[in-house]
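FYI, it's all coordinate maths here, none of it is from the lab. Please read these numbers as outputs of a predicted model, since none were measured by experiment. Glycine also receives a Cβ, built like all others from the backbone with ideal geometry; neighbour counts cover every protein chain displayed.
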Amino acid sequence: MRSLADQTLDELGGRLSVLSRQKSDHIELDRLLRELEAAGTRWEEDRTLQRIYRLVFPHAFAEETVLWPVIRRVLADGQALTLEVEQEHQEVNELVRSLEDEKDPSPDRATRIARLAAVLREDVRDEEDELLPRLQDRLSRRQLRALGVAWEAVRRVSPTRAHPVVARRPPGNALSSLPLSVVDRLRDGADVLARHDVAPHLVEPAQRRLHQVGRRIERTVPFRRGEDPSTSAEG
Ligand SMILES: [Fe+2]
Ligand SMILES: [Fe+2]
């Protein structure tokens with residue numbers, strides 16, 4: 001069983017395969033994490049963090065709704081393997097939520113950012129070295145490509161922000177995906193307008209309202225169904 005890191009595009013099943021799509025996102029994440037560590041100002045750090053969030057949240061949400069259920073079906077120890085990465089995803093969601101919620105920069109901000117980078121790197125290693133090669137063992141190239149197309153389609157419409165309260169597993173996360181994605185993408189648009197100081201008297205109330213709507217959606221009971229207690233926000 002070889003790590004995805006050591007395989008060529010052809011060995012991964014070609015450009016459409018879920019394995020090569022995963023690997024190229026992971027390479028981009030590694031670049032962003034190095035950019036984050038080199039950030040000289042708070043402004044640069046925040047800008048890179050936003051880019052990391054927009055990359056990792058849809059990526060992970062689509063893993064949780066599309067890929068891990070397949071792994072649970074085809075591998076005897078799929079439950080335990082996927083739970084471990086879901087716990088990493090949950091920690092990422094909670095760390096980012098805590099960074100977003102802080103009013104003033106807290107003294108342990110640097111520690112939380114360092115922990116975030118460490119968990120993201122750990123998640124990539126678990127997926128590239130263990131989880132995805134195990135999946136590769138069980139699926140044909142054609143199946144890897146079909147899964148790649150499905151994962152990509154879901155990734156494109158998945159939430160772009162941290163959501164620690166919804167389930168990390170179906171059915172809760174699959175049901176919550178669309179409403180959360182709509183609110184997240186509206187918030188992303190409002191944030192861009194705010195950064196450019198466009199109509200602050202309209203944009204700021206809209207940002208506050210969307211923030212409240214997002215939190216309310218997260219707490220909707222059906223969206224918490226399927227959760228393992230170890231990945232629950234209260235767990
Ligand atoms: Fe991944
Ligand atoms: Fe992941």
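Per residue and in cubic angstrom, what volume does the convex hull of the Cα atoms of the stretch 111-160 have?
75 Å³
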Cut-off of 10 Å, at most 12 other beta carbons, DSSP loop: longest stretch of the chain lacking such trypsin sites (Lys or Arg not before Pro): 104-218
For the stretch 84-217, what ratio Rg/Rh do Cα atoms give with a Kirkwood hydrodynamic radius? 1.03
Spin-label zone in the stretch 124-149 - amide nitrogen under 17 Å from a point set 7 Å from the Cα of D6 along the C-beta vector: 125-137
Per GNM of the chain with C-alpha springs under 10 angstrom, the most fluctuating residue out of I52, I27, I71 is I27
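Going by C-beta contacts inside 10 Å, put V192, V85, V18 in order with the fewest on the left. Provide the component values of the computation, followed by the final result.
Numbers: V192 11, V85 23, V18 28.
Fewest to most other Cβ atoms nearby, the residues stand as V192, V85, V18.
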Taking every pair of alpha-carbon atoms in the stretch 181-235, give the share separated by more than 17 Å as a whole percent. 49 percent
What is the percent of Cα-Cα separations in the stretch 39-78 that go past 10 Å? 73 percent
Could you work out the relative contact order of the chain, using alpha carbon pairs under 8 angstrom and six or more residues apart, expressed as a whole percent? 27 percent
If one builds a Gaussian network model of the chain from Cα atoms under 10 Å apart, the most fluctuating residue listed among L180, L75, L67 is L75
So what's the chain giving for Cα Rg divided by 2.2 N^0.38 Å, two decimals? 1.03
Any idea how far the Cα center of the stretch 109-133 sits from the one of the stretch 1-64, in Å? 11 Å
With a ≥ b ≥ c from the Cα gyration tensor eigenvalues, square-rooted, and the rule rounded for a/c under 1.5, otherwise prolate when a/b > b/c and oblate otherwise, the stretch 1-105 is oblate
Relative to the present Cα-Cα distance, how much length would full extension add between Q50 and L202 at 0.36 nm per residue of separation? 52.5 nm
Linear extension gain, R112 paired with R195, 0.36 nm per residue minus alpha-carbon span: 27.4 nm
